[in-house]
Amino acid sequence: MLTYPPVYAANLRLRNLGAQHPRRIARAWRSRASYAEGVDTVTRLSRTVASCGLAAAGALHAVWALGSPWPAGSARELNELVVGNGEVAPGTAATWLVCGSALAGAAVAAGAMGDRPLAVWGRRIAGAALLARAALGGNAALRVLGLPPGGDRFTRLDRRYYRALFAVLGAALVLGARRSPS
């Protein structure tokens, strides 16, 4: 027996109903509605994950831009954790730029700007960028930014935590990019 994806199967059942019993018609509509509700739930959850994650990243960058090395003990240690080299420090303006971008991304991920095509494409592009960062790794990102390659500690943290974080946020942005649930 052939099996079809839920939406296609529901549409196929609706088309083939003809003069069938009203209960069958109602059952076909319910299965289609439950699939749509599941997609809406995934979209809402994805938007929540993306907006919370980006807001947290924006807040963390704001803390760094204000001069705190938290969670590291010193500015040198923070630079080793974040950019892979204790001698290279991102400027305050660049840190504020990342902070503002992350907070704006959080607002758009949460549904700001509605379902305009610009907002939907913005979510998709931001998600693709985060997924690319996850796939290529931190040293590729450092190369793009014109910074020297990261040390062993940065590489280990990137493999274990940073890439996974970027992958989750990127996937959440892409999954939440569709038009908002009605």
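The values are calculated or read from the model by the stated rules, or taken from the named source; none is laboratory data. On a predicted model such as this, the values are computed, not experimentally measured, just so you know. Virtual Cβ from ideal backbone geometry, glycine too; neighbours counted across all protein chains shown.
See the values below:
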{"item": "Residue match in segment 88-103 (condition: assigned to a loop (DSSP other than H, G, I, E, B), of a type in the set (Val, Ile, Thr) and either touching a strand residue (DSSP E or B) at 6+ places or on another chain (Cβ under 7 Å) or surrounded by 14 or more Cβ atoms within 10 Å (Cβ to Cβ) (or both))", "result": "yes"}
{"item": "Yes/no for residue 100 being touching a residue at least 60 places away in the same chain (Cβ under 8 Å) and among the small types (Gly, Ala, Ser)", "result": "no"}
{"item": "Qualifying positions in segment 115-141 - touching a residue at least 40 places away in the same chain (Cβ under 8 Å) and outside any helix (DSSP H, G or I)", "result": "115"}
{"item": "Which listed residue is loosely packed, with under 14 Cβ neighbours inside 10 Å and out of contact with any Phe, Trp or Tyr (no Cβ under 6 Å at 6 or more places or on another chain), from 178, 153", "result": "153"}
{"item": "Every residue from segment 149-166 that is more than 15 Å from residue 85 (Cβ to Cβ) and free of Cβ contacts under 8 Å to residues at least 24 places away in the same chain", "result": "159, 160, 161"}
{"item": "Output for segment 89-103, where each listed residue is more than 19 Å from residue 165 (Cβ to Cβ) and not hydroxyl-bearing (Ser, Thr, Tyr)", "result": "89, 91, 93, 94, 96, 97, 100"}
{"item": "Residue that is surrounded by the most Cβ atoms within 10 Å (Cβ to Cβ) [pool: residues in segment 45-81 that are of a type in the set (Val, Ile, Thr) and either touching a residue at least 60 places away in the same chain (Cβ under 8 Å) or not in a helix (DSSP H, G or I) (or both)]", "result": "49"}
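Yes/no per residue for (1) hydroxyl-bearing (Ser, Thr, Tyr); (2) within 24 Å of residue 146 (Cβ to Cβ); (3) at pLDDT 90 or above:
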position	(1), (2), (3)
16	no, no, no
37	no, no, no
59	no, no, yes
97	no, yes, yes
